[in-house]
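Following: one structure in structure tokens, then a few remarks.
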Amino acid sequence: DFFTDPKTGAKLAGIAARQQGLESEYYEVLDRKRLEDESGFKIFAFHSGLNEFKPKYLSEMKTIPISNFPKGFDYYAGGHIHKRGEYKSPGYDKIIFPGPLFTGHGFKDIADTAQGEGRGFYVVSFDDKVRDVEFVKVKSFDGIYRKLDVKGKTSIQADSTIQRELTNLDVNGKVVILKIEGELSGGKTSDIKFLDIKSNLDKRGASQVYYNRYGLTSKEYS
């Protein structure tokens, strides 16, 4: 059923998310014709990825086809995908994913924010149809992102390289994100003093330190 906004008369309908994309089952039995026949200014809200507009890094994620949505709505307000996007398809105009309002969730979202990906929300102006769609940026945090490849170095050399790369950075009041990758030629990955690296950055005023070392391996252990 539609919810009608008492102030504007806009009609809203939608389907909430379920874990592991289980809401896709709802779309398969949705009475799309009844929704399409409703008159007035209509917004469809959803919290699912769409097959046609899925970011490459989410290629394995379960999504649904846009054809499972009712056609002819004035605005499709999307969630779930942590990357901003504006799309359209025949019968489906103004499909909008605002992305996360602040940093999102997990290392990738924080790293993307630190590298300058805009975060914010949309303001949609309308009367009997959408007149303007504006993305409003929100200042989240100042960040520094560094990706370091230590391939071919020993664990001692890698530790020294990381420390040297960070020496002259102005980290005061900033979120520092480090991605360390590559296969060490000798020594153990645990020889790299990540706790000392973080402690040093904390002392220099970093507001938060994140590091990703899933791509760091050792030839000894391979």
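Residues that are open to solvent by less than 20 Å² (accessible area, probe 1.4 Å) and in contact with a helix residue (DSSP H, G or I) (Cβ under 6 Å, 6 or more places away or on another chain) within the stretch 37-56 comprise just one, Leu50.
Yes/no matrix, rows are residues, columns are (1) out of contact with any Phe, Trp or Tyr (no Cβ under 7 Å at 6 or more places or on another chain); (2) surrounded by 15 or more Cβ atoms within 10 Å (Cβ to Cβ); (3) of a type in the set (Ser, Thr, Tyr):
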{"position": "Gln163", "(1), (2), (3)": "yes, no, no"}
{"position": "Leu169", "(1), (2), (3)": "yes, no, no"}
{"position": "Val175", "(1), (2), (3)": "no, yes, no"}
{"position": "Ile180", "(1), (2), (3)": "no, yes, no"}
{"position": "Phe194", "(1), (2), (3)": "no, yes, no"}
{"position": "Lys198", "(1), (2), (3)": "yes, yes, no"}
{"position": "Lys203", "(1), (2), (3)": "yes, no, no"}
{"position": "Tyr211", "(1), (2), (3)": "no, yes, yes"}
{"position": "Leu216", "(1), (2), (3)": "yes, yes, no"}
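Selection of first residues in the stretch 22-44 that are closer than 18 Å to Gly78 by Cα and among the hydroxyl-bearing types (Ser, Thr, Tyr) and of second residues that are open to solvent by 100 Å² or more (accessible area, probe 1.4 Å) and not in a helix (DSSP H, G or I), restricted to Cβ pairs under 8 Å at least 6 apart or on distinct chains, gives the following pairs, ordered by first then second residue: Ser24/Lys62. Out of curiosity, is Lys94 closer than 30 Å to Lys11 by Cβ and exposed (fewer than 14 other Cβ atoms within 10 Å of the Cβ)? For Lys94, the condition - closer than 30 Å to Lys11 by Cβ and exposed (fewer than 14 other Cβ atoms within 10 Å of the Cβ) - is not met.
Note on the stretch 17-36: residues that are surrounded by 13 or more Cβ atoms within 10 Å (Cβ to Cβ), of a type outside the set (Phe, Trp, Tyr) and part of a helix (DSSP H, G or I) total 5. Of all the residues in the stretch 45-73, those that are of a type outside the set (Phe, Trp, Tyr) and assigned to a helix (DSSP H, G or I) number 7.
Evaluated against (1) over 14 Å from the mean Cα position of the chain (by Cα); (2) exposed (fewer than 15 other Cβ atoms within 10 Å of the Cβ); (3) within 30 Å of Leu22 (Cβ to Cβ), Asp127 falls short on exactly one condition, (3).
Checked across the stretch 132-144, the condition of being within 21 Å of Gln208 (Cα to Cα), more than 15 Å from the chain's Cα centre (by Cα) and of a type in the set (Asp, Glu) holds for at least one residue.
The values are calculated or read from the model by the stated rules, or taken from the named source; none is laboratory data. Being a predicted model, the structure only gives us computed values, none of them experimental. Glycine also receives a Cβ, built like all others from the backbone with ideal geometry; neighbour counts cover every protein chain displayed. All accessible areas refer to the heavy atoms of the entire protein, side chains included, with ligands and DNA or RNA removed. Shrake-Rupley method; radii C 1.70, N 1.55, O 1.52, S 1.80 Å.
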